[in-house]
1. Here are some conditions: (1) at pLDDT 95 or above; (2) away from ligand 2 (no atom under 16 Å from the Cβ); (3) in contact with a Cys (Cβ under 9 Å, 6 or more places away or on another chain). Residue 111 meets all but one. Which one does it not meet?
2. Tell me which of these residue 337 doesn't satisfy, since it passes every other one: (1) among the hydroxyl-bearing types (Ser, Thr, Tyr); (2) outside the structural domain of residue 243 (by TED's automatic domain parsing); (3) in contact with a helix residue (DSSP H, G or I) (Cβ under 7 Å, 6 or more places away or on another chain); (4) more than 12 Å from ligand 1 (Cβ to nearest atom).
3. Is region 159-174 home to any residue that is open to solvent by 20 Å² or more (accessible area, probe 1.4 Å) and either basic (Lys, Arg) or part of a strand (DSSP E or B) (or both)?
4. Check off (1) touching a Pro at 6+ places or on another chain (Cβ under 6 Å); (2) within 16 Å of ligand 2 (Cβ to nearest atom) for residue 28 and give me the number that stays unchecked.
5. Which pairs do you get when a residue that is in the same structural domain as residue 144 (by TED's automatic domain parsing), found in region 64-79, comes within reach of a residue that is of a type in the set (Asp, Glu) and open to solvent by less than 90 Å² (accessible area, probe 1.4 Å), reach meaning Cβ atoms under 7 angstrom, with the pair 6+ apart or on two chains?
6. Among the candidates 293, 311, 282, which residue alone is of a type in the set (A, V, I, L, M) and open to solvent by 60 Å² or more (accessible area, probe 1.4 Å)?
7. Mind telling me which of the residues 129, 123 ends up being outside any helix (DSSP H, G or I) and either β-branched (Val, Ile, Thr) or touching a residue at least 40 places away in the same chain (Cβ under 8 Å) (or both)?
Amino acid sequence: MIQARGYAALGSSQALRPYAFERKEVDARQVLIRILYCGICHADIHQARNEYGNTHYPLVPGHEIVGRIERVGPLVTQFNAGDLVGVGYFIDSCRHCSSCAEGEEQFCETGLLPTQNGKLPDGSTTKGGYSDVIVVDERYVLHISERLDAPAVAPLLCAGITAYSALTHGPVGPGDQVAILGLGGIGHLAVKFAVAFGAQVTVLSSSPQKQEPALALGAHAFIHTGDKTAMKQANRRFDFILDTVSANHAYDPYLNLLKKDGTLIVVGRPPQTPQLDPISLISRRRKIVGSFIGGMAETQEMLDYCADHAITADIELIPPVDMNKAYERVLNGDVHYRFVIDMAQLTQ
Ligand code: NAP
Ligand code: ZN
Ligand code: ZN
């Protein structure tokens, strides 16, 4: 066994604290990754606080992982010791079902194994990236370009692919009127991608002070969702709205901003079911679709696209001791736009 150290939540109302545990030895097709950086996704907070009622404690969160390969199993062919690599939301899937065969492992029919809080056959659970090392089958590891700033790549592994996949499946293209609802981790990367795809991008935000930063990210317009006049003026303006909001909210006010045949793409998962009046859909033949991270091939495509277009996240790098403070700041909307934990500073 490999001795690992990290941070864990031991209960829904408890702060994360230092935690020692064991990982299984490297198998023939697995690699041992020394974790350098791990992003704090809002899903980590939902899960640490058991907001969906399915958390197994102790929970070691973290699925926006960047690290370097330290050791490879004898049958590994795609990676070498020293490679800069990434691990995202999942570390295994059944590999046989139609979704896996199509390279959309995130929709695996039987066996998606999340990087954190995933049930293993022996009854234990997977432990995520708020830790010093992780062992992963090479099929679920991604290549990262040395051209990119490694800490700022970490959020691409979940927030980035979530935004990229949702927008490319839209499909969002040149000239489309696109609104990004919620300017957080996913939202700010969605602005960068939508602008790169040639869309006309508006940020819809509950935080009026985000106007200047939104425009600095490349957005063409900004609407404070609390401004009733501006919201009314935006009626039927957009082809797509990407909803990244993590808190409870109604869908109706945003559906009304879509054109005929417009699409609300939902990625945010609030704890409570959002309010929805069917007339918001019926009156203009509007659609609501969901999107969930991305498959392995698409995630590699996104990372390569980011290397070619110099896209990374805007981050605040923090030592592990500050992660509880960071959780509070995320909940208060006080993050620009992703906290990334510097795992090399793990001292306890
Ligand atoms: P985040 O960084 O915390 O951003 C969420 C944004 O939602 C905030 O920046 C804020 O934007 C808005 N918001 C927060 N509280 C609000 C409130 N009370 N009223 C209105 N707006 C509020 O979160 P994230 O990491 O981007 O994740 C967003 C959501 O997506 C979470 O629910 C997460 O679990 C989910 N998620 C889904 C996927 C997927 O594959 N579908 C993947 C990762 C995460 P403004 O200040 O601009 O309003
Ligand atoms: Zn995530
Ligand atoms: Zn499968």
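The values are calculated or read from the model by the stated rules, or taken from the named source; none is laboratory data. These numbers come from a predicted model, not from an experiment. A quick note on method: Cβ atoms are made from the backbone with ideal geometry, for glycine too, and the neighbour counts reach across all protein chains shown. With ligands, DNA and RNA removed, areas are computed over all heavy atoms of the protein, side chains included. Shrake-Rupley method; radii C 1.70, N 1.55, O 1.52, S 1.80 Å.
1. With (1) at pLDDT 95 or above; (2) away from ligand 2 (no atom under 16 Å from the Cβ); (3) in contact with a Cys (Cβ under 9 Å, 6 or more places away or on another chain) applied to residue 111, the lone miss is (1).
2. All conditions are met except number (4).
3. The answer is no, given that none of the residues of region 159-174 is open to solvent by 20 Å² or more (accessible area, probe 1.4 Å) and either basic (Lys, Arg) or part of a strand (DSSP E or B) (or both).
4. (2)
5. Taking only residues 6 or more apart or on different chains, the pairs are 68/83; 69/83; 76/138; 78/138; 79/138.
6. Within the list 293, 311, 282, the selection yields 282.
7. 129
Each row is one residue, and each column tells you yes or no for (1) of a type in the set (A, V, I, L, M, F, W, C); (2) over 18 Å from residue 290 (Cα atoms); (3) assigned by TED's automatic domain parsing to the domain that holds residue 34.
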{"site": "100", "(1), (2), (3)": "yes, yes, yes"}
{"site": "113", "(1), (2), (3)": "yes, yes, yes"}
{"site": "135", "(1), (2), (3)": "yes, yes, yes"}
{"site": "148", "(1), (2), (3)": "yes, yes, yes"}
{"site": "164", "(1), (2), (3)": "no, no, no"}
{"site": "194", "(1), (2), (3)": "yes, no, no"}
{"site": "199", "(1), (2), (3)": "yes, yes, no"}
